[in-house]
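Have a look at the structure below before the remarks.
The values are calculated or read from the model by the stated rules, or taken from the named source; none is laboratory data. Computed from a predicted structure; not experimentally measured. FYI the Cβ positions are ideal-geometry reconstructions off the backbone, even for glycines, and counts take in every protein chain you see. The area values use the complete protein model at the heavy-atom level, side chains included, leaving out ligands, DNA and RNA. Shrake-Rupley method; radii C 1.70, N 1.55, O 1.52, S 1.80 Å.
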Amino acid sequence: QKEVEQNSGPLSVPEGAIASLNCTYSDRGSQSFFWYRQYSGKSPELIMFIYSNGDKEDGRFTAQLNKASQYVSLLIRDSQPSDSATYLCAVNIPSGNTGKLIFGQGTTLQVKP
Amino acid sequence: DGGITQSPKYLFRKEGQNVTLSCEQNLNHDAMYWYRQDPGQGLRLIYYSQIVNDFQKGDIAEGYSVSREKKESFPLTVTSAQKNPTAFYLCASSISPTRLQPQHFGDGTRLSIL
């Protein structure tokens with residue numbers, strides 16, 4: 001089992017819809033979870049992070065964490081064509097006080113006008 | 001502007017050649033990281049440094065070397081021992097190396113074989 005798993009997609013949604021991106025992880029000790037957006041040919045850009053169970057909202061983005069089920073999701077409301085990108089889930093696998101950031105392979109989102 | 005600067009944007013390597021990728025940050029971050037991304041793949045950790053003059057191997061360190069002589073700089077050398085170096089190389093930094101701190105990325109360097 002991979003440490004961090006994402007459906008590679010592509011996930012296609014119409015403009016204005018809610019896009020739901022999911023990520024599962026294997027290490028129950030993980031404490032921090034990050035979502036990055038990566039446009040084609042560009043570097044990843046941090047868009048959300050979450051540490052506690054529940055929801056965290058920032059504008060059109062909501063991160064959801066369920067540690068018991070070991071999944072984290074990202075909801076994008078009112079999806080726009082400019083949201084079309086690959087979304088990378090990253091999970092901190094603990095090792096002492098630090099730990100490594102493990103990335104999923106990414107989910108490609110296509111928002112159709 | 002504060003940020004992470006990687007250079008060059010594109011780099012070509014000949015057989016048997018070592019090449020060095022530059023990464024500089026002016027964010028006063030303690031921790032710095034190097035990742036490799038292959039097409040359609042997530043990022044894999046090559047090396048990381050939590051503090052000046054100290055660094056640790058990541059998951060795919062073979063064929064690579066690093067140094068951390070200054071807080072601002074974390075150059076990566078791709079040696080001739082790395083037989084498949086073609087990839088997108090990303091440098092990142094975080095305020096501290098604790099597991100709760102997010103990492104921020106530079107614009108990357110694309111390395112290809114001539």
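May I ask you to verify whether B:Q25 is closer than 25 Å to A:R37 by Cα, in contact with a Ser or Thr (Cβ under 8 Å, 6 or more places away or on another chain) and within 11 Å of another protein chain (Cβ to nearest Cβ)? Before the answer, list the steps.
Working: closer than 25 Å to A:R37 by Cα: yes; in contact with a Ser or Thr (Cβ under 8 Å, 6 or more places away or on another chain): yes; within 11 Å of another protein chain (Cβ to nearest Cβ): no.
When the stated conditions are applied, B:Q25 does not pass them.
Residues to consider are A:L11, A:L88, A:L46, A:L65; find the one that is open to solvent by 40 Å² or more (accessible area, probe 1.4 Å) and either within 14 Å of chain B (Cβ to nearest Cβ) or free of Cβ contacts under 8 Å to residues at least 40 places away in the same chain (or both).
Answer to the selection: A:L46.
If I ask for residues that are surrounded by 15 or more Cβ atoms within 10 Å (Cβ to Cβ), assigned to a strand (DSSP E or B) and away from chain A (no Cβ under 11 Å), which ones from segment B:50-61 would you list?
Matches in segment B:50-61: B:F55 only.
Could you please give the count of residues in segment B:7-32 that are in a strand (DSSP E or B), open to solvent by 20 Å² or more (accessible area, probe 1.4 Å) and not aliphatic (A, V, I, L, M)?
So the answer is 6.
Per-residue answers, yes or no, for (1) over 25 Å from B:G108 (Cβ atoms); (2) of a type outside the set (F, W, Y); (3) part of a strand (DSSP E or B); (4) within 10 Å of the chain's Cα centre (by Cα):
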residue: A:G16; (1), (2), (3), (4): yes, yes, no, no
residue: A:T24; (1), (2), (3), (4): yes, yes, yes, yes
residue: A:G29; (1), (2), (3), (4): yes, yes, no, no
residue: A:R37; (1), (2), (3), (4): no, yes, yes, yes
residue: A:K42; (1), (2), (3), (4): no, yes, no, no
residue: A:Q64; (1), (2), (3), (4): yes, yes, yes, yes
residue: A:S69; (1), (2), (3), (4): yes, yes, no, no
residue: A:L88; (1), (2), (3), (4): no, yes, yes, yes
residue: A:L109; (1), (2), (3), (4): no, yes, yes, no
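Scan B:G58, B:G63, B:G2, B:G40 and give me the residue that is on the phi > 0 side of the Ramachandran plot and either aliphatic (A, V, I, L, M) or modelled with pLDDT under 95 (or both).
Result of the check over B:G58, B:G63, B:G2, B:G40: B:G40.
How about segment A:68-85: which of its residues are surrounded by 12 or more Cβ atoms within 10 Å (Cβ to Cβ), of a type in the set (S, T, N, Q) and more than 15 Å from A:T24 (Cβ to Cβ)?
If we filter segment A:68-85 for residues that are surrounded by 12 or more Cβ atoms within 10 Å (Cβ to Cβ), which is where we start, we get A:70-80, A:83-85.
Imposing the further condition that a residue be of a type in the set (S, T, N, Q) reduces the set to A:70, A:73, A:79-80, A:84.
Within segment A:68-85, A:S79, A:Q80, A:S84 meet the criteria.
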